[in-house]
Amino acid sequence: MLQPNSSSSREQIVDTMIELTRLSSRHRAIIAGADSLDLYLALRRRGFSHVATTVTCRLPRAEHSVGLVTGQNSLQALEAALVDISRFLRTTAAIAVLIDSREAGLGLRIRAKLEQLGFRIEAGVRCQQGFVLSAHRQGYGEMQNAA
């Protein structure tokens, strides 16, 4: 969850997601998950003005270059958030997913779902509140057109 016991671990999660996705103030970012509002506010406080959540963004137009997923505890919730956010992301996008569950094998299943959505895993970082998995999508539009 993004609302951990201390603000330092929340800041560590935000820092990790920013670094892994190479998010800059010029990027359009979309946020999904139960804690998306908390992450949205944390990014706005840091000066990121081009951020939205899947709830506040009206139409999924594949215009965001960075996606961030947080606040899920089960495989089903994470998979639903990934499918939801992928509609908002460009064909060459980066994504970071906070995996905060202790469910066995969840990381491997999320990895498989990301690959199914056209992402290639690049890194994973252990944080105090879980594990942040990072992936990039390259040429996903070409894969969709071929299908």
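Just a few scattered comments:
- Taken over region 7-141, the ratio of Cα radius of gyration to 2.2 N^0.38 Å equals 0.93.
- Within the chain, percent of DSSP bridges classed antiparallel, to nearest 5: 55 percent
- The order of the peptides 55-63, 10-18 by mean Cβ neighbours within 10 Å, most packed first, is 10-18, 55-63.
- Cleavage-rule hits (GluC sites (Glu not before Pro)) in region 67-125: DSSP loop, at most 16 neighbouring Cβ within 10 angstrom: Glu103
- From helices alone, the chain scores -11500 deg cm²/dmol at 222 nm; the rule is -39500 (n - 2.57) for each run of n ≥ 4 DSSP H residues, then divide by the residue total.
- Approximate spin-label separation Gln116-Ser7, in nm, with each point projected 7 Å along Cα-to-Cβ: 4.0 nm
Each reported figure results from applying straightforward, stated rules to the coordinates on display, with no laboratory input. Since the structure is predicted, the reported quantities are computational estimates derived from the model, not experimental observations. Note that we place each Cβ from the backbone using ideal geometry, even for glycine, and neighbour counts take in every protein chain shown.
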